[in-house]
Amino acid sequence: MFDDFMTIPAFSCTDAHVIPAPAGDTSLRRFALEAKALGFDSIVAEYTGAFPEDCAIPVARITCIVGETQQKAIRDAGKAARTADLVGIYAGDAGILRGVVQSGSVNIIYGLASQPTGTLDHITARYTAERGVAVAIELNSLLGRHSHRRQRAIRAYHDILRLHRKHHFPLVLGSGTNSYLGLRSPRAVALLCRSFGMEDAEIKAAFSAVDTLLHPHVPVEVI
């Protein structure tokens, strides 16, 4: 059960999307402090400012782009990669998303729960797996929403999970919140993920997938 493997020392547990001030209403330092208190050992922050030296846990910087056109999105992703640890894209037009993913310019796809069914189709899912791009499950789409919006998110994540099991692209779990009040403990996150069918092994892998994105395995060439 989830409570059992949460006690494994080597288990990495990352909240893969928080949005600190000035875009949000909580400082980066406060986000890190609250996330640590809840049981996370790192966070991914959509943040452009200087990092405080006294963050309670490690913080990875992500810059997120919006795909207005495929060419612009790829160009913006290249610029973002110069200063950020990771590059994300907010899902929009399905064709633009496919082209950006195929180019290998981004690390994480956000916002699929609010997009039409089919934005992530089998072809894009295959490219996502081949390029090692992760798809984010964001808890803000499951919390504090009207019932029909929550049900839409559950259906979207159920579809993403089905594609994940077929194509084996990585999943990550993020709050997607701009306030520390939107954070939830890893145990609460696991319960939410179970509501649309994620298994404990998949939840564990998603919590630790950011480590792989930050430190991809490079095969050693034997001469």
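The values are calculated or read from the model by the stated rules, or taken from the named source; none is laboratory data. Please read all numbers here as calculations on a predicted model, not as lab measurements. Cβ coordinates were reconstructed from backbone atoms using ideal geometry, including for glycine residues, and neighbour counts include every protein chain displayed.
What is the residue count in the range 140-158 for residues that are more than 16 Å from A206 (Cα to Cα) and in a helix (DSSP H, G or I)?
Number of matching residues: 12.
Can you name every residue in the range 84-139 that is acidic (D, E) and in a helix (DSSP H, G or I)?
E130
Looking at the range 123-144, I want the residues that are touching a residue at least 40 places away in the same chain (Cβ under 8 Å) and on the phi < 0 side of the Ramachandran plot and have a partner that is surrounded by fewer than 19 Cβ atoms within 10 Å (Cβ to Cβ) and polar (S, T, N, Q) with Cβ atoms under 8 Å, at least 6 apart or on another chain. Which pairs are those?
Qualifying pairs under 8 Å: L142/S195.
For the range 34-46, check the following and say yes or no: at least one residue is acidic (D, E), surrounded by fewer than 19 Cβ atoms within 10 Å (Cβ to Cβ) and either without any contact (Cβ under 8 Å) to a residue 40 or more places away in the chain or on the phi > 0 side of the Ramachandran plot (or both).
yes
Among the residues in the range 161-180, are any in a helix (DSSP H, G or I), of a type outside the set (V, I, T), modelled with pLDDT of 95 or more and within 22 Å of Y47 (Cα to Cα)?
yes
Would you pick out the residues in the range 192-204 that are among the hydrophobic types (A, V, I, L, M, F, W, C), surrounded by 13 or more Cβ atoms within 10 Å (Cβ to Cβ) and farther than 12 Å from L173 by Cα?
F196
Out of the residues in the range 85-132 that are of a type in the set (A, V, I, L, M, F, W, C) and surrounded by fewer than 20 Cβ atoms within 10 Å (Cβ to Cβ), state the one that is farthest from H17 (Cα to Cα).
Ranking the candidates gives I123 first.
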